[in-house]
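Read the structure below first, then the notes.
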Amino acid sequence: MTSSSSWRLRVGTREFRSGVAVCLLSFLMLCSVALLLNAKTKDKDDVQWLTSEEAFDSSHNGNPPDSGSIRKVVIDASYEEAFHAASVAATQAMWDVDKQDKTAGVLLAHRITDEPPFSEKFWRDHNRIVDKTGTKHLYFYRVKTNELSAKQTEVVVEGKVQGYCNLPLKPFFGMGKSFAEDYNKNCGELRAGMWLNANDQLEVSQFVVLLRNNLIAAGGM
């Protein structure tokens with residue numbers, strides 16, 4: 001009788017523990033789903049995505065670009081030839097052209113990518129390994145064509161990037177306060193739209209190469 005009662009007690013205990021484990025597992029799964037849905041909702045609704053015009057409008061661009069954010073090239077070609085070659089190069093570079101104004105010499109374009117919130121260099125500089133899953137990024141480009149003479153034209157390229165990242169980040173598991181503050185500062189700028197270093201952007205360099213190639217092919221250089 002005692003042996004039977006002990007057996008039932010042990011079985012009941014195992015069943016109780018199994019039930020608790022299932023409940024905990026279900027709770028954790030529900031939390032994970034909730035966090036995922038919350039992240040997706042934030043990614044969709046929490047960032048006010050800019051248009052190409054807004055990205056370079058004085059009311060949206062914050063601080064003016066420094067010299068490193070501007071790529072200038074002077075080419076031996078007429079204004080007409082240079083503007084046409086720039087328009088073709090933007091398309092060849094896989095940029096989506098949003099606006100072309102030949103009279104003003106302005107071309108606006110963008111491209112969309114999924115990538116980590118910040119560059120690998122950012123994480124290396126801070127000696128951190130964190131979640132670097134892809135998030136939505138919008139790269140914006142402004143190409144300005146300036147006539148210098150009948151056969152000489154200056155082409156100026158500027159770029160900005162706007163991306164999604166979580167705010168705010170609080171120190172945890174040994175992550176220092178200074179790192180969290182640095183992350184939040186960069187994240188705020190990224191979400192608002194920050195200037196790119198033009199000379200570090202392969203896409204800008206590719207655009208300049210395509211621009212020159214188009215002019216050579218057309219006999220303009």
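The modelled label-to-label distance between Asp46 and Asp200, using points 7 Å beyond Cα along the C-beta direction, is 2.4 nm.
The ranking of Ser69, Ser178 from fewest to most other beta carbons within 10 Å of each one's beta carbon is Ser178, Ser69.
The order of Met194, Met94, going from fewest to most other C-beta atoms within 10 Å of their C-beta, is Met94, Met194. Neighbour counting of Cβ atoms within 10 Å sorts the residues Leu138, Leu107, fewest neighbours leading, into Leu138, Leu107. With the convex hull drawn over the C-alpha atoms of segment 49-217, the volume per residue is 115 Å³. For Asp98, the residues whose amide H sits under 5 Å from its own are Leu108, Ala109, His110, ignoring neighbours fewer than 5 places away on the same chain, with H placed 1.01 Å from N. Residues whose amide H comes within less than 5 Å of that of Ile70, counting only those at least five positions distant or on another chain, are Ala198 (H built at 1.01 Å from N in the peptide plane).
Laboratory data are not the source of any read-out in this text; all were calculated from the coordinates shown. Keep in mind the model is a prediction, meaning the values are calculated, not measured. Glycine also receives a Cβ, built like all others from the backbone with ideal geometry; neighbour counts cover every protein chain displayed.
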